[in-house]
Amino acid sequence: MASISKLSNPSPASSLSSTFNPRASQPKCLIGFLTTTTNFSSKVSSSKLSIRSKSSLKGSLVVRCSQGDGNGSPAKRTYLHDLYEKEGQSPWYDNLCRPVTDLLPLIASGVRGVTSNPAIFQKAISTSNAYNDQFRELVLSGKDIESAYWELVVKDIQDASKLFESIYDQTDAGDGYVSVEVSPRLADDTQGTIEAAKWLHKVVAHPNVYIKIPATAPCIPSIKEVIANGISVNVTLIFSLTRYEAVIDAYLDGLEASGLNDLSKVTSVASFFVSRVDTLIDKLLEKIGTPEALDLRGKAAVAQAALAYQLYQKKFSGPRWEALVKKGAKKQRLLWASTSVKNPAYPDTLYVAPLIGPDTVSTMPDQALQAFIDHGTVSRTIDSNVSEAEGIYSALEKLGIDWSYVGNQLEIEGVDSFKKSFDSLLDTLQEKANSLKLVSL
């Protein structure tokens, strides 16, 4: 973050109490049970990675930014509770907007954490008036645009983390996290990422906050250093098994280099992206065009994820890991990200239902969350047919699919997408600031 040295601690005006007014007349995330209809749903066979259609959505829990007032209806017990209690997978929500108290019904429905990214904040801040008062104060007090942006973000993260503190405490730092990402402009800057992560950790000042760092090659050393400094990390934008192994090693190296006798509060998740893998590989398969190639569409992402879980189990076992366990270390959980279905021809729980397993996290945006609550199937599926996953992975290679190319290309696209969202939001904020200054004159 170019202006990291200029950033100061959030002002007193951004305290938690100013947000917790569920009746404030401002745009908010409206949460409730609404009836919607989609054409696809899914049920995963316990022995196969294949998916078959089921019924349409009925009365699903949905979350959307709205002008409406109120925090929604209390949620009843859902499949999300079963997901955690029966199978050991933590369901998280991949979205954040003001007021954060509208997360409460989601927490009641079984959500145990929140992830955010530059695209999420771009949408939240640019399409809502809920940030205007704080932004006006920041601009009129002389804050530059990027500094103002970070104060808006930090406030949301602080407020949201308060809502998940009880889960964090109940699980002894095992769950209940809210994630905030360093500037996407730092994806190729090792030292800049380290400094940004330290700054965010300091100003957010909540133990149940993950600092998100991209799994780019320049940021792998950053992950090790940040972990070594006792800061918990969500490693994001992982698209390949090779890079995932490097991420695990960075986590282990960081724990060993920390010098801490108690590692129980230094935790991490590795965000392995799913749906985007199919989006790219499906296009490659369609170019090949053979019946064998076309038959593999929609299967690559889940197959690679299943193999990632095998790698996870292998790396977090053995003498090296056991030595860290003696100091209280926790496994770096696999987090399934990019779980919304991009292809409408696929079942709407395609990237959730086949990836259920212990010590994992599934972070779901509205579409995937609503679908799983409505007609999800809770059973351990992530390693129900590893041989089939291996067969799909190998078959794709034989067809000429280069997994290294896929991982690199998706990483480039992911970083570029977040940079564009970040830059677009700063441009929007600059326009707002210009209008505010004109009004103030």
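Only the coordinates and a few stated rules stand behind these numbers; no lab work does. Just so we're clear, the structure is a prediction, and the values are computed from it rather than from any experiment. Because the Cβ atoms are built from the backbone with ideal geometry, glycine has one as well, and the counts that use them run over all protein chains shown.
Odds and ends about this structure:
- Karplus-derived 3J(HN,Hα), 6.51/-1.76/1.60, for each residue of the range 107-120, Hz, glycine and proline x: 4, 5, 7, x, 5, 10, x, 9, 10, 9, 7, x, 5, 5
- In this structure, the amide hydrogen of VAL209, modeled 1.01 Å from its nitrogen in the peptide plane, lies closer than 5 angstrom to those of VAL178, counting only residues at least 5 positions away or on a different chain.
- Placed amide H near ALA130: partners under 5 Å, 5+ positions off or other chain: none
- Note, ³J(HN,Hα) from phi for the range 357-362, Karplus 6.51, -1.76, 1.60, rounded to Hz, x at Gly and Pro: x, x, 6, 10, 10, 10
- Mean Cβ neighbour count within 10 Å, used as a protection proxy, ranking 336-347, 402-413 highest first: 336-347, 402-413
- ³J(HN,Hα) computed for each position of the range 256-262 - Karplus, 6.51 cos²θ - 1.76 cosθ + 1.60, integer Hz, glycine/proline x: 5, 7, 5, x, 7, 7, 10
- Cα principal axis extents for the range 79-440, largest first, Å: 65, 51, 39
- For ASP262, the shell of other residues with beta-carbons less than 15 Å away shows a net charge of +2, using +1 for Lys and Arg and -1 for Asp and Glu.
- Relative contact order (%) - criterion: Cα under 8 Å, at least six apart; region: the range 79-440: 21 percent
- Interchain or long-range residues, amide H under 5 Å from SER362's placed H: SER90, TRP92, TRP336
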